[in-house]
Amino acid sequence: MLQFDGSNFRLIQVTPATSASIGLSGVGCTTKWNFPSVSSYSATAADCGSAISAYNSPISSLTVTLPSTTAIPVGWSMGFATDNGKSLTVQVNGASGGQILLPGTRGAQSSLTLYGQNYEYLQLEFDGSNFRIAAVTPATSSANGMFPATATPATSSAACQTGQLEADSNYLYFCISPNSWKRSAWSSF
């Protein structure tokens, strides 16, 4: 669908097949689940929009290697899930691999392991240079330093990330903005 703005035609809507054929970023992927019976899996451009599960790995884990950053378009994304008691690690390609950017304390990494429980999930999206986390379950987020591991804050300006929770026997602490805590006393009801 095109729209005329008075001087130019603007592309308003396009089918996934058309968007892929004219090189629009971030579109054109079909969502599908894959359950490969392998212990290591090399993702390709064709895996865009898919999610891969460790369920059928013949060993206790699955390692997924992301495609080369020169082989995929901006917006390429893929999901990863643990299942059947098996762990899953995602790693960048050794050549032209970029990094996995983790918000929080760890920063850019070459690999990430999902938390060791069933049904953990991670979705990565390629930004043109690196892979960014688009979605992640809380346990995997916490286990990978996306919520800084701290004791209860000593002051209201102690280091924290927005949304972080801590608790002790007297208070529930909530980080309302970077390095800004609020607390509430526990009470029976």
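The values are calculated or read from the model by the stated rules, or taken from the named source; none is laboratory data. From a predicted model like this one, the values you see are computed outputs, not experimental measurements. Please note: Cβ atoms are built from the backbone with ideal geometry, for glycine as well, and neighbour counts cover all protein chains shown.
Structure data summary
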{"read-out": "All positions within region 164-185 that are of a type outside the set (S, T, N, Q) and over 14 Å from residue 151 (Cβ atoms)", "value": "172, 174, 176, 178, 182, 185"}
{"read-out": "Answer residue from region 155-167, given it is surrounded by fewer than 15 Cβ atoms within 10 Å (Cβ to Cβ) and within 18 Å of residue 142 (Cα to Cα) and is farthest from the chain's Cα centre (by Cα) among those", "value": "167"}
{"read-out": "Any hit, region 38-48, residues being of a type outside the set (Ser, Thr, Tyr), surrounded by 10 or more Cβ atoms within 10 Å (Cβ to Cβ), within 14 Å of residue 88 (Cβ to Cβ) and at pLDDT 65 or above", "value": "yes"}
{"read-out": "Total residues in region 171-189, condition surrounded by 10 or more Cβ atoms within 10 Å (Cβ to Cβ) and assigned to a loop (DSSP other than H, G, I, E, B)", "value": "3"}
{"read-out": "Those residues of region 48-69 which are in a loop (DSSP other than H, G, I, E, B) and either touching a strand residue (DSSP E or B) at 6+ places or on another chain (Cβ under 9 Å) or of a type in the set (S, T, N, Q) (or both), in sequence order", "value": "48, 49, 54, 55, 56, 57, 59, 60, 66, 67, 68, 69"}
{"read-out": "Where a residue in region 168-184 is within 15 Å of residue 158 (Cα to Cα) and its partner, wherever it lies, is among the polar types (S, T, N, Q) and part of a strand (DSSP E or B), with Cβ under 9 Å and at least six apart", "value": "172/184; 173/184; 174/184"}
{"read-out": "Count of region 46-75 residues which are among the polar types (S, T, N, Q) and more than 14 Å from residue 114 (Cβ to Cβ)", "value": "6"}
{"read-out": "Selection within region 98-137 - farther than 25 Å from residue 177 by Cβ and of a type in the set (A, V, I, L, M, F, W, C)", "value": "100, 112, 114, 122, 124, 126, 131"}
{"read-out": "Verdict on residue 172 being under 19 Å from the mean Cα position of the chain (by Cα) and not acidic (Asp, Glu)", "value": "no"}
